[in-house]
Structures are given as structure tokens and as C-alpha cells.
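Report on the following structure.
Rule-based calculations on the coordinates, nothing more; no lab input. Everything quoted here is computed from the prediction, not taken from an experiment. FYI the Cβ positions are ideal-geometry reconstructions off the backbone, even for glycines, and counts take in every protein chain you see.
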Amino acid sequence: MSNIKFDIKNLNLHYGKFHALKDVNMEIPEKQITAFIGPSGCGKSTFLKCLNRMNDLVEGCNITGDVKLDGEDIFDGMDVNLLRKRVGMVFQNPNPFPMSVYDNIAYGPRTHGIHSKEKLDEIVERSLKQAAIWDELKDRLKKSALGLSGGQQQRLCIARALAVEPEVLLMDEPTSALDPISTSKIEDLAMELKHDYTIIMVTHNMQQATRIADKTAFFLLGQVIEFDDTEKMFSKPQDKRTEDYITGRFG
């Protein structure tokens, strides 16, 4: 039985009058891949962003309920910078900084006070190796990250997130802008990384969830309809709405 990394109870989120998340309850296990599926606009990404308080930046956003990371309430006095160091994020479109490959990776550690070249060299190499892209980039560290292909940029962004040694990696549709080969590399990478990190991924691609996720949650109109082991959910969904969605009857 794996330990629970995030424990979410009665989470409700409003954007002004719009009730975007309704009574979400979920226990997310550590060192596994948890996928969120469901039609567009059903609350998956909104929920994902609650886990590192990215929604704090949205005006008129009001959140009630509990989100606990290792038993600690993330909304109650937790330093948001520390939270985002522990819970890294990779977005849908690769977003490398307009600087060298090396400086992209060293950026986070530097903001956390690491300035020794030797230490930074070590972090850059380790992070790129963890993101399975060291061999492709080791001779291009001084070149602009913007010159990389989309798939390389996305793995660079994963390396950048790993550089500050987070415990959790949030991925918001990390492969939706990528070709099949790059997608497959990111999926293999996620499978590798879950030995050391808790991975929580929003995906539009149900095949992706079945390929790599240990657990899957199905969202519909701001509610979690079903949350179970991926294999079980896709072979024997408990709720008719889940079944309709995964068999392609709607969505």
C-alpha cells in the first residue's frame, strides 16, 4: 500500500459566481502516476493548479476545503514559494526561458541560493539525465533553448522542474502539442520518473492514461465522477457516465 501524498477533502472552487470544482475528495498516492481525464472545461486543469496554488493568481478565485501535502495544509500558512519548490509544474506548451539550455536549468537552483559553478554543473547534468535528454544537449548547453525542437523543449522544461528537486511533478497535458515520437519519449520518461517522484497529469488522451497511469480520475462539470486504479476504471467503470466517456459516446 503506497503512502498518500495529497489528501484532498471537500474542495470547492469558485471563479466569481462560477462553481468550477464541486466537492472534490481524493487521495493521491506517492510515487505513482495519477491521470485526470474528462471533456474540456470540466475542471481537470483547475484542480491540478490548486495543488501548487497557481489559482492564487486568478482574480475572484475562492477556494474552500482542505488540500494536504504530506499531512500539511497547503492553504494554511505554507510558504507558497516552498510549496512550488516541492510541487513542480510542466505546462501544455513547452515554455523554455529565452536563455541558454544551461541557464534554463540553473535558473531555479540560483533563485534558491545555489551559485557555485561546480554545484550548478552537477545539477544541470543530473536534471538533463533524469529528463533523458543529456546526450542530445550536452554539447549545446550554451546555445539558446529556443532553438530546440518542441519535444526537446518539453523535456528541457521537465529537467528545469526537476532541477530544484521537487517531490511532485504536475503535468498539464504535457504532450498535446507534440508529435507521436516526442509523446512516446515523454511517456517513457514519466514511467521512469515515478520511481522518485509523484506524478499528476492532466491528459486529453485516454490511451495515454491507460498506457502510463496507475490511477485515473474522471472529471465531469467540476465533479470527480470516478477515481480508481486505471486498469479497473477502463475495464469495469462503476458509473454509466464514465463508461459513456471512455467508450466515446460523448466528450
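Rounding to the nearest 10 and keeping the result within 0 to 90°, find how far the Cα-based axis of helix 117-130 lies from the longest principal axis of the chain. Result, in degrees: 50. Protection proxy ranking for 134-141, 119-126, using the average of other Cβ atoms within 10 Å per residue and placing the highest first: 119-126, 134-141. Springs join every pair of Cα atoms under 10 Å in this Gaussian network model of the chain, and among TYR107, TYR15, TYR197 the largest mean-square fluctuation is at TYR15. Partner lysines whose Cα lies under 29 Å from the Cα of LYS232, excluding those fewer than 8 positions away in the same chain, are identified as LYS5, LYS9, LYS22, LYS31, LYS44, LYS49, LYS68, LYS185, LYS194, LYS215, LYS240. In region 53-92, Rg over Rh equals 0.96, where Rg is the alpha-carbon radius of gyration and Rh the Kirkwood radius from pairwise Cα distances. Under the criterion of Cα pairs below 8 Å and six or more residues apart, the relative contact order for region 1-89 equals 35 percent. Give a quick list of GluC sites (Glu not before Pro) in region 17-78 that DSSP marks as loop, anything other than H, G, I, E or B, with at most 14 other Cβ atoms within 10 Å. Answer by residue number: GLU59. Going by alpha carbons, how many degrees (0 to 90, nearest 10) lie between the helix axis of 180-193 and the longest principal axis of the chain? Roughly 90 degrees between the two axes.
Between 0 and 90 degrees, rounded to the nearest ten: what's the tilt of helix 150-162 against the longest Cα principal axis of the chain? Rounded to the nearest ten degrees, it is 90. A simple charge model with +1 on the Cβ of Lys and Arg, -1 on the Cβ of Asp and Glu and nothing else charged puts the dipole of the chain at about 520 debye relative to its Cα centre. Peptides 204-211, 179-186 ranked from most to least packed, by the mean per-residue count of other Cβ atoms within 10 Å: 204-211, 179-186.
Normalised by the number of residues in the chain, the mean separation of alpha-carbon contacts (under 8 Å, six or more apart) gives a relative contact order of 28 percent.
Computed over region 116-251, relative contact order equals 16 percent, with contacts defined as Cα pairs under 8 Å that lie 6+ residues apart.
Ranking HIS14, GLY88, CYS157 by how far each Cα lies toward the positive end of the dipole of the chain (charges on Cβ) leaves CYS157 at the top.
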